1. Which ³J(HN,Hα) values in Hz, rounded to whole numbers, follow from the phi angles of segment A:83-99 under the Karplus curve 6.51 cos²θ - 1.76 cosθ + 1.60, where θ = phi - 60° and Gly and Pro get x?
2. What percent of all Cα-Cα pairs in segment B:118-203 falls in each 10 Å bin, counting up from 0?
3. Taking B:Lys148 as the anchor, which lysines have their alpha carbon closer than 22 Å to its alpha carbon, excluding any fewer than eight residues away along the same chain?
4. Taking the Cα centre of segment A:31-118 as origin and charging only Cβ (+1 Lys, Arg; -1 Asp, Glu), how large is the dipole, in debye to the nearest 20?
5. Which far-off residues, 5 or more places away or on another chain, put their amide H under 5 Å from the one on B:Phe81, with H placed in the peptide plane?
6. Straight distance only, please: which aspartates and glutamates reach the Cα of A:Lys49 with their own Cα at less than 17 Å, same-chain residues fewer than 8 apart left out?
7. What residues have an amide H closer than 5 Å to that of B:Thr236, excluding those fewer than 5 places away on the same chain, when H is modeled at 1.01 Å from N in the peptide plane?
8. I'd like to compare B:247-255, B:185-193: which one has the highest average count of other Cβ atoms within 10 Å, and what's the full order after that?
Amino acid sequence: MIDRRRFIAGAAATALAAGAARVLSAAPEPVIRVTARRFVFLPNVLTLKRGVPVTLEFTSADVVMGFSAPDFNVRTDIIPGQVSRLRFAPDKVGDFTFLCDVFCGDGHEGMNGTLHVVA
Amino acid sequence: MSASIDRRDFLKLAGLGGAVFASGLARGAERYAAAAQNEFFFVQLSDSHWGFEGSVINPDARGTLPKAVAAVNALAAPPDFIVFTGDLTHTTDDPAERRRRLGEFRDIVRGLKVRDVHFMPGEHDASLDHGAAFGEFFGATHYAFDHKGVHFIVLDNVSDPAARIGEEQLAWLEADLARQARDARIVVFTHRPLFPLYPQWDWATRDGDRALALLMPYRDVTVFYGHIHQENHTRTAHIEHHSAHSLIFPLPAPGSQPRREPVRWDPAHPYRGLGWREVEAEAQPPAYAISEFPVKA
C-alpha cells in the first residue's frame, strides 16, 4: 500500500516535472513594441516568423492612428494614452506593406512600413 | 445615329478628348432612339489639392485648376452639371488656413459658367475636422439628386478619418435606395474607391462592402470617384467603378512601385497625367461614354 502511494506520488511528480519542462522549453511569445507618431512608425521594419504568433504593442505619441496589414487582414486603432495590442501569426513569407489607415495629416500617405516575414 | 454619338465621334476625330471609354451594355437602336431625349453629359473634376506646394511635383500648382476651369468654360456645348469628387484642397493642420484654401477654391470655381456644380469632400478637405470647414463652404457631404432619369447619390467616405461611411449614412443610403426601382439608373459619386482597389496604399473604404451590398440589388449602378489620381476602370459584380485624373499630380498605378509617391513633373511633358473628363449619359439601359481631357499649357 505504501509502495503504491509512493509510486503514485512519484508518477505525479514526474508528470509535473515533464509539464514544467515543456513550459520552460517553449520560447516566450515575441512582443514587438511600436511607436506611431506623425508620420512614422518606429520601428518601421518588423521581422516576424511564419507561423509564430507575435504580439505587436502600439502606442501613439500624438494623435489617433491606425495600423493595418492588409495582406494578413489585421488592423487596430492606435489611441494616444493607450496600448493597443494586435496578436497574429503570419502565414506567408516575404515583405509586406503595413500602413496607417486613419488619416492623420499632410504626410499620412507616407506613413507605412514593412513586415519582413521569414521562414 | 443620335446626336450624342455624333458628338463623341466628333471629339475623337478632332482629337479633343483622350481615350473614350464606353461603359455599359449594348442596346437596340429602337430603344436608343426612344430614350435619346434624356441624353446629357456632365463634367467630372477631381483632386485639385488647392494649397499644395512642391515645385518638383507641380510647378504650376496654382495654375492647373484655373486652366481646367477655362477649358470647361470653352466647351462648345456646356455640360448639364459639373461634379468635383473631393480633395478640393490640400490638407493643413491649421483650421484658418483650411478655410482660406476652401475659400480660394470656391472663388476659382465660381468662374465656371455652368452654375449647377456638385461638391463632395476628400480626406484632405474633411478628415481632420470631420467635414466641418467643408460644410461651411459647400454644405452637406452626402446627398442625392435626380437629373433626366438618373438618380445620383453622393457618398462621404472621408469625413471619418478612418475611411468609414458609417452606420448613419449607410442607413440613409438604404432608405434612399428603397425609393428606387430595381431597374433605376443609379450613379454614385464618392471620393475613395468603394471596393478594395489597393488597401496597401489606403485605396479603399473600410465599410465600402456594405455600401456595395446595398447597391447590388439594383441592376444599373455606376460609380465615379477620385482619390487615386489616375484613370482606373474596374467592375465588381455588375457595378462599374471609374476613377478620375487629378488636377495637381498623378500617382503611380496601384502596387506598381514600393511607395505611393506622386509622379514627378516632367518638363518635357508638362501636365502629363493631369486632366478631367466628360461623362455622357446615353439612353437606357446603362451606358456612359467617358472622354478624358488632358490639362493643356
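Throughout, read-outs are computed from the coordinates displayed, never taken from laboratory work. Since this is a predicted model, take the numbers as computed values, not measurements. When we count neighbours, we look across all protein chains shown, and the Cβ atoms used for this are built from the backbone with ideal geometry, even at glycine.
1. 9, 9, 10, 9, 10, 7, 10, x, 10, 8, 9, x, 9, 10, 6, 10, 8
2. 17, 46, 31, 6
3. B:Lys113
4. Numbers: 9 positive and 9 negative charges, 76 e Å.
With only Lys, Arg, Asp and Glu charged at Cβ, the dipole is about 360 debye.
5. B:Val43
6. A:Glu29, A:Glu57, A:Asp71, A:Asp91, A:Asp95
7. B:His241
8. The peptides rank, most packed first, as B:185-193, B:247-255.
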